[in-house]
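Trainee: Before I ask anything, let me first share the structure, which is written out below as structure tokens.
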Amino acid sequence: MRVQDKYIIPFTGFGFNKLFGTETNKDILIDFLNELLRKDEGEITSISYLSKEQLGRAINDRKAIFDIYCENEKGEKFIVEIQKAKQNYFKDRSIYYSTFPIQQQAAKGNWNFQLKSVYTVGILDFIFNEDKDDKEVFHHEVQLFDKQTQKVFYDKLTYVYLEMPKFQKTENELETHFDKWLFVLKNLEDLTKRPAILQEKVFKKLFEQAEIANYSDEEYTEYEESLKAYRDLKNCIDTSFSDGKAEGRTEGIAEGFEKGKIEMAKAMKQNGIDITTIAKVTGLPSKTIEHL
């Protein structure tokens with residue numbers, strides 16, 4: 001870590017789980033979800049964490065590993081994912097993941113097919129290629145809609161994506177509670193103290209939970225390992241992109257990107273990181289990683 005680091009990086013696996021994925025910090029996750037979804041969902045008052053590992057219906061079916069999976073008091077499901085690097089089919093993966101909480105609602109016997117709402121939230125440390133020229137829109141809310149009427153056709157399946165690199169507001173420009181949340185997520189690692197404008201109770205607790213000096217030796221070691229994996233991945237991605245760009249060909253960028261992911265997978269595997277985690281971080285198939 002840098003000498004001046006005081007707070008964890010939320011985009012690390014440990015950091016994200018520490019702040020949002022523990023019983024102690026349920027209130028932090030609830031506050032964040034309410035800021036994102038209150039308009040459609042109403043006020044969430046409680047959540048229960050569900051198993052992050054979701055198995056397919058048959059033994060050979062592909063499984064899913066969520067960063068955070070929970071349900072509210074009404075039985076509606078929420079998948080919250082932190083995505084550190086681009087994946088070729090990230091949107092496809094989001095859709096696939098959302099099918100698990102849908103299928104789990106199938107009741108045995110006489111069932112009328114009524115479903116509870118499912119929300120998928122992606123906090124992205126990258127920009128979608130198709131949106132790279134749009135500097136203004138970073139908060140995407142997606143539902144099924146009727147192209148003919150331009151109205152929402154089905155409102156129980158919602159995908160929210162936050163392209164964090166596009167959020168450029170400074171501390172002095174923060175106006176809403178939502179602005180403050182995005183500022184914290186993007187800038188937490190570079191702060192040396194809690195900004196004066198972030199006086200809400202939820203941010204006071206978040207900064208306390210994020211302060212590295214408060215961690216046990218075991219937590220600190222776990223964070224260090226998570227941080228190394230995060231930085232190695234970022235370095236591989238940046239290097240791969242630069243190599244591809246230097247070749248001056250789109251296919252060169254793609255090839256370099258894939259090569260970087262493979263090299264990253266090799267390094268993580270050598271460091272004893274389990275295959276499931278490597279697959280989630282790199283986007284590579286488990287079988288590919290097994291043969292590296």
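Where a number appears in this text, it was derived from the coordinates with a stated rule and is not lab data. What you are looking at is a predicted structure, and each value in this text was computed from that prediction instead of being measured. Glycine also receives a Cβ, built like all others from the backbone with ideal geometry; neighbour counts cover every protein chain displayed.
Trainee: Order of M164, M268 from fewest to most other C-beta atoms within 10 Å?
Mentor: M164, M268
Trainee: Can you put L206, L33 in order of Cβ neighbours within 10 angstrom, beginning with the fewest?
Mentor: L33, L206
Trainee: Quick one: 3J(HN,Hα) in Hz for segment 87-99, Karplus 6.51/-1.76/1.60 with θ = phi - 60°, rounded, Gly and Pro as x.
Mentor: Working through the residues one at a time gives 10, 4, 10, 4, 5, 4, 5, 4, 5, 4, 4, 5, 6 Hz.
Trainee: How many percent of the alpha carbon pairs in segment 94-210 exceed a separation of 16 Å?
Mentor: Everything past 16 Å amounts to 71 percent.
Trainee: Using Cβ contacts closer than 10 Å as the measure, can you line up K91, K77, K132 from fewest to most?
Mentor: If I rank by nearby Cβ atoms, fewest first, I get K132, K91, K77.
Trainee: Right, something else. How high is the relative contact order of segment 13-214, in percent, counting Cα pairs under 8 Å that sit 6 or more residues apart?
Mentor: Value for segment 13-214: 17 percent.
Trainee: What whole-number volume per residue, in cubic angstrom, does the convex hull of the C-alpha atoms of segment 120-172 give?
Mentor: Spread over its residues, the Cα hull of segment 120-172 gives 117 Å³ apiece.
Trainee: Roughly what % antiparallel, to the nearest 5, for the DSSP beta bridges in segment 13-214?
Mentor: In segment 13-214, DSSP labels about 55 percent of beta bridges as antiparallel.
Trainee: With no solvent and one point per C-alpha, what does the Debye sum give as log10 I(q)/I(0) for segment 13-214 at q = 0.09 Å⁻¹?
Mentor: Normalising to I(0) and taking log10 leaves -0.38.
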